[in-house]
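**Q** So that we are looking at the same thing, I have put the structure below in structure tokens.
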């Protein structure tokens, strides 16, 4: 047996720990507050819970292989044809479809440094070379840097928007200038995992460029604003030619029955969606104001998290909060050694976080 040489040093993606894992490892019996995984603090939609109960007795059957009703619902939402929608077991799987369909060993992909780790992982798995473009001084995607690094081997460009972990975004003028400068043979992947939380009119969504005829694919997920992280459901929207190819490399029944039905249910729950967005926007503002008043730099964010520079206090705060069952995300691995990323929680959770930070600083 000969393993592909470029897989020998591959390490798995490091997933966030579950509450049960944290309890076991830290021996915490009380409440645990997860500000580290960008999950929806509301819990699932009541409509999702009801539909899952309804279909419990049908798990012995395969789901509908075409998933046509969910495709139609998403097509209606975005005003595209159902054939332009590609469904995945999380948006990660749609990413992998792209690599399966378009990448050959030796091809290049361009990503920001830092960005979502799975872009690089898939490149390693499929033998592609990764070029990392450092963020600019505003901690945004360095679009001129991307253009300067394009070669004849460049096949894909990944841009997470809003960016993770900074929460930064690009305005319409920046996007238009960049897309108009891209060679036609390069596919631009706009990863909008946090797109629902954008609230500025001058920040465009990728669908705008797809409808103008640009060669892009927009990735979306049900894990954040729709509260279905545990069911793994995502999708891509792209031009018809690419959508057909991506759908052809998809395994049959790649979406489980519960994810399929839950996706349909939560799309109909407008009240839940609006409440989710409201909680994030108000919590984002509250945490930004409170942490700024404490003297810390909070970077502007259009996502369901904020990145905060705690300076020399970062490690101490992280460790002491962890012992209290309050989890936030250290960003040393992303190159921000004094920064922590904080997911937006429920109002009462955000208040508990701020109270504990104040107590640690005054202790």
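**Q** From the list 67, 33, 55, which residue is within 30 Å of residue 320 (Cα to Cα), touching a helix residue (DSSP H, G or I) at 6+ places or on another chain (Cβ under 8 Å) and surrounded by 12 or more Cβ atoms within 10 Å (Cβ to Cβ)?
**A** 33
**Q** Something else about it: Would you mind finding the one in 281, 332, 293, 285 that is out of contact with any strand residue (DSSP E or B) (no Cβ under 6 Å at 6 or more places or on another chain), touching a residue at least 40 places away in the same chain (Cβ under 8 Å) and outside the structural domain of residue 226 (by TED's automatic domain parsing)?
**A** Matching residue, one of 281, 332, 293, 285: 281.
**Q** Is there any pair linking a residue in the stretch 47-65 that is part of a loop (DSSP other than H, G, I, E, B) to one that is surrounded by fewer than 13 Cβ atoms within 10 Å (Cβ to Cβ), with Cβ under 8 Å and at least six apart or on different chains, and which?
**A** Between residues of the stretch 47-65 that are part of a loop (DSSP other than H, G, I, E, B) and residues that are surrounded by fewer than 13 Cβ atoms within 10 Å (Cβ to Cβ), the close pairs are 65/252.
**Q** Has the stretch 92-104 got at least one residue that is over 22 Å from the mean Cα position of the chain (by Cα), within 28 Å of residue 153 (Cα to Cα), loosely packed, with under 14 Cβ neighbours inside 10 Å and in the same structural domain as residue 192 (by TED's automatic domain parsing)?
**A** Yes, that holds for at least one residue.
**Q** Here is a follow-up. Could you check the stretch 108-137 and list, in sequence order, the residues that are in contact with a strand residue (DSSP E or B) (Cβ under 8 Å, 6 or more places away or on another chain) and either without any contact (Cβ under 8 Å) to a residue 24 or more places away in the chain or outside the structural domain of residue 188 (by TED's automatic domain parsing) (or both)?
**A** Across the stretch 108-137, the qualifying residues are 120, 130, 131, 132, 133, 134.
**Q** Just wondering, is there one or more residues in the stretch 323-334 that are surrounded by fewer than 21 Cβ atoms within 10 Å (Cβ to Cβ), part of a helix (DSSP H, G or I), modelled with pLDDT of 95 or more and at negative phi?
**A** No, the stretch 323-334 contains no residue that is surrounded by fewer than 21 Cβ atoms within 10 Å (Cβ to Cβ), part of a helix (DSSP H, G or I), modelled with pLDDT of 95 or more and at negative phi.
**Q** Return only the number of the condition from (1) part of a loop (DSSP other than H, G, I, E, B); (2) crowded, with 23+ Cβ neighbours inside 10 Å that residue 262 does not satisfy.
**A** The one condition residue 262 does not meet is (1).
**Q** All but one of (1) at negative phi; (2) surrounded by 15 or more Cβ atoms within 10 Å (Cβ to Cβ) hold for residue 38, so report the exception by its number.
**A** Only one criterion is unmet by residue 38, namely (1).
**Q** Let me ask something else about it. Can you tell me which residue is farthest from residue 233 (Cα to Cα) among those in the stretch 74-107 that are without any contact (Cβ under 8 Å) to a residue 60 or more places away in the chain, part of a loop (DSSP other than H, G, I, E, B) and in contact with a strand residue (DSSP E or B) (Cβ under 8 Å, 6 or more places away or on another chain)?
**A** Across the stretch 74-107, the extreme among qualifying residues is 106.
**Q** Can I ask one more? Please name all residue pairs, on different chains or six or more residues apart, with Cβ atoms under 6 Å, provided the first residue is in the stretch 138-159 and is on the phi > 0 side of the Ramachandran plot and the second residue is part of a loop (DSSP other than H, G, I, E, B) and crowded, with 18+ Cβ neighbours inside 10 Å.
**A** Final answer for the pair search is 139/166; 139/168.
**Q** Please tell me if residue 232 is under 15 Å from residue 91 (Cα atoms) and either assigned by TED's automatic domain parsing to the domain that holds residue 343 or in contact (Cβ under 8 Å) with a residue 12 or more places away in the chain (or both).
**A** yes
The values are calculated or read from the model by the stated rules, or taken from the named source; none is laboratory data. These numbers were taken from a predicted model, which means no experiment stands behind them. Quick reminder, even Gly has a Cβ in these numbers, built from the backbone with ideal geometry, and neighbours come from all protein chains shown.
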